[in-house]
Amino acid sequence: MNKSLSVILTTVFLDAVGIGLVMPVLPELLRSLAGENVGSIHYGALLATYALMQFLFAPMLGALSDRFGRRPVLIVSLACAVADYLLMAAAPSLLWLYIGRIIAGVTGANMAVATAYVTGITPASDRAKRFGLLGAVFGVGFIAGPVLGGLLGEWHLYAPFLGAAAMNGINLIMAVILLQESKHPGKTAESSTGQPMFTRLSNLSTQPGMAPLLGVFLIVTLVSQVPATLWVLYGQGRYGWSLFIAGLSLAGYGVCHALAQAFAIAPMVKWLGERNTLLCGLACDALGLLLLSIAAEGWMPFALLPLFALGGVAVPALQAMMARCVSDERQGELQGVLSSINSLGAIAGPLLVTRLYDMTQLTAPGKVWALAAMLYVLVLPMLFIRRKSGL
């Protein structure tokens, strides 16, 4: 593994750690700054603020990296992340905490730049494997973040922010010393940094074969919000899970997901191709959702974790297919738009999913999982149209 790829993987890992690092201490921190009665309101608002900033700025960072190069944009975002975590470690009021999460959402959008960097240094035939590696590293970071945050939070409420600043500082030094520019000299995409996200989305959809794949990506994003939002809530309400069991289930999923991303994608793409790997992943995820909708015992969701993890191979295969549809000079723009779609789902998805769950939990508590699986049926005509066009 070359040094530049190691730096990128470290950046992705720290992005994931940064998301989960503050979760264990955030409720207590909010209670100390805002009071017991309104802490939960600000908790949801801070999460939405982070997602909103990623939605707004991921395409901009991606487009800036197309114009000025991946390396300088990553370095600036890492430097801002260090300053931001130091700011939150010294936040004297709730307002400063909001400012810190706004900056964190902006700098955390560098995931789009990191993905574009990997696309630029990877042959097209190996991109699904590399995207899977990124997913595996992100999954490990997402497991490590809450654990590390909880340990540091036991020592001091603001310690997780200092820990995140230190880790990002080390990553910044690595990037300055080891990271090489991935864009070829003299190749510069037409600037789109001033365009709204939906304009960029419209421009990308005109690329041959891209529109159906963007539709598939949107459906996958919407479906992913169901387990992301309801897994713990459903487990506690349906099966009576304790907090320990709920946390154990999340850790178990993270391990299965990381293993699938690291070791399953490359052989599947080699044997089946990107399109069939995508279909296989979606089929596994749909089957897992359907089985969960009728699962009556608390151990059953644990048995379904490997199936859901195999469903995760769909996204890297889909990313590889989309990367083939645009030039290397527009990879940052593409990854920025995809990151924004994910962030938009993270803003709207929980609101829609929890509303649907509230409407059905008394009469048919598993219905929401079955409806999520049924959304995947819409993928088939999209891929058929694309295949019929010869792409």
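Polar (S, T, N, Q) and surrounded by 20 or more Cβ atoms within 10 Å (Cβ to Cβ): does that describe Gln361?
Values: polar (S, T, N, Q): yes; surrounded by 20 or more Cβ atoms within 10 Å (Cβ to Cβ): no.
Considered against the rule, which asks whether it is polar (S, T, N, Q) and surrounded by 20 or more Cβ atoms within 10 Å (Cβ to Cβ), Gln361 comes out as no.
In this structure, does Thr115 turn out to be without any contact (Cβ under 8 Å) to a residue 24 or more places away in the chain, of a type in the set (Val, Ile, Thr) and more than 23 Å from Leu250 (Cα to Cα)? Reasoning before the result, please.
On the way: without any contact (Cβ under 8 Å) to a residue 24 or more places away in the chain: no; of a type in the set (Val, Ile, Thr): yes; more than 23 Å from Leu250 (Cα to Cα): yes.
It is false that Thr115 is without any contact (Cβ under 8 Å) to a residue 24 or more places away in the chain, of a type in the set (Val, Ile, Thr) and more than 23 Å from Leu250 (Cα to Cα).
Any chance segment 66-76 includes a residue that's β-branched (Val, Ile, Thr), surrounded by fewer than 19 Cβ atoms within 10 Å (Cβ to Cβ), free of Cβ contacts under 8 Å to residues at least 60 places away in the same chain and closer than 25 Å to Ile173 by Cα?
Yes.
Looking only at residues in segment 152-167 that are buried (at least 19 other Cβ atoms within 10 Å of the Cβ) and out of contact with any Leu (no Cβ under 6 Å at 6 or more places or on another chain), which one is nearest to Asp15 (Cα to Cα)?
Phe161
Please verify whether segment 275-288 includes one or more residues that are outside any helix (DSSP H, G or I) and crowded, with 18+ Cβ neighbours inside 10 Å. Spell out the reasoning first.
Step one: filter segment 275-288 for residues outside any helix (DSSP H, G or I), giving none.
The answer is no, given that none of the residues of segment 275-288 is outside any helix (DSSP H, G or I) and crowded, with 18+ Cβ neighbours inside 10 Å.
Quick one: which helices (runs of 4 or more DSSP H) lie wholly within segment 180-273 and hold at least 2 residues that are modelled with pLDDT of 85 or more and of a type outside the set (Phe, Trp, Tyr)? Show your work before the answer.
Working: elements: 197-205, 210-239, 243-263.
It comes to 210-239, 243-263.
The values are calculated or read from the model by the stated rules, or taken from the named source; none is laboratory data. Worth saying up front: this structure is predicted, and the values here are computed from it rather than measured. Cβ: placed from backbone, ideal geometry, glycine included. Neighbour counts: every protein chain shown.
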